[in-house]
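Colleague: One structure coming up, written as structure tokens, with questions to follow.
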């Protein structure tokens, strides 16, 4: 079955070291995507589209810099894409999801650790599934290399980006009615 990503109930949060002493947290919005499951309800394929222009860290000047050509270049690259290549069951509702992440026309492999839920019927009669996932990337692998070295050698912006996802997907109306 193919489930449509519910962008209103999906969040992508990240954190990056700042000046080597603390972390800056932020978020991105999903604009589309889908999850395919087999007859037993196990995920078999995942696709997601994120909007780099939606990046928000709570500081407008920093957000503008992150949207600029120094980082995501959101105007020239209006999508960040993820497409799974392999989904391995780890027991229970846990999975290792391997896939390709495309940022600024550069595609690299990533691995996510995920925990999924069984389908439920919501109060409006729609069938839903959800998952929590986490992972880590090195931003330099996607040519996001802007930085400054501080006086004692620490980097202004860390290279490792840790992220957490909370994802909900809904069955198409015809499937939910069954």
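What follows is calculated from the coordinates using simple rules that are stated; it is not laboratory data. Bear in mind the structure is a predicted one, so any value in this text is a computation, not a measurement. Backbone-built Cβ (ideal geometry, glycine too); neighbour counts: all protein chains shown.
Colleague: Dividing the Cα convex hull volume of the range 68-122 by residue count, how many Å³ per residue is that?
Modeller: Taking the convex hull of the Cα positions in the range 68-122, it is 115 Å³ per residue.
Colleague: For each of 124, 146, 3, count neighbouring Cβ atoms within 10 Å of the residue's Cβ, then give the residues from fewest to most.
Modeller: In increasing order of surrounding Cβ atoms, one gets 124, 146, 3.
Colleague: Return the ratio Rg/(2.2 N^0.38 Å) for the range 88-148, where Rg is computed over Cα atoms only.
Modeller: Normalised by 2.2 N^0.38 Å, the Cα Rg of the range 88-148 equals 1.55.
Colleague: Which log10 I(q)/I(0) values does the range 118-177 give at q = 0.12, 0.23, 0.24, 0.29 Å⁻¹ under the Debye formula, counting every alpha carbon as one identical point scatterer?
Modeller: -0.54, -0.92, -0.96, -1.12
Colleague: Same structure, new question: Cα convex hull of the range 1-77: mean projected area in nm², to one decimal?
Modeller: Details: hull surface 26.8 nm².
Averaged projected hull area, Cα only: 6.7 nm².
Colleague: Gap in Å between the Cα centre of the range 56-75 and the Cα centre of the range 109-178?
Modeller: 19 Å
Colleague: Turning to a different aspect of this structure: Mind checking the log10 I(q)/I(0) for the range 2-177 at q = 0.12, 0.15, 0.19 Å⁻¹? Debye, one equal scatterer per Cα, no solvent, two decimals.
Modeller: Ignoring solvent entirely, the Cα scatterers give -0.59, -0.87, -1.26.
Colleague: Compute the length gained on full extension between residue 2 and residue 148: take 0.36 nm times their separation in residues and subtract their Cα-Cα distance, giving the result in nm to one decimal.
Modeller: Difference between extended and current length: 48.1 nm.
Colleague: Assuming 0.36 nm per residue, please report the length gained on full extension of the stretch residue 79 to residue 34 beyond their Cα-Cα distance.
Modeller: Values: separation 45, 0.36 × 45 = 16.20 nm, distance 1.54 nm.
Length difference between fully extended and current span is 14.7 nm.
Colleague: Now, a different point. Please report the base-10 log of the normalised intensity I(q)/I(0) for the range 48-92, using a Debye sum with one equal scatterer per alpha carbon and no solvent, at each q in 0.17, 0.30, 0.31 (1/Å).
Modeller: Values returned for q = 0.17, 0.30, 0.31 Å⁻¹ are -0.56, -1.06, -1.09.
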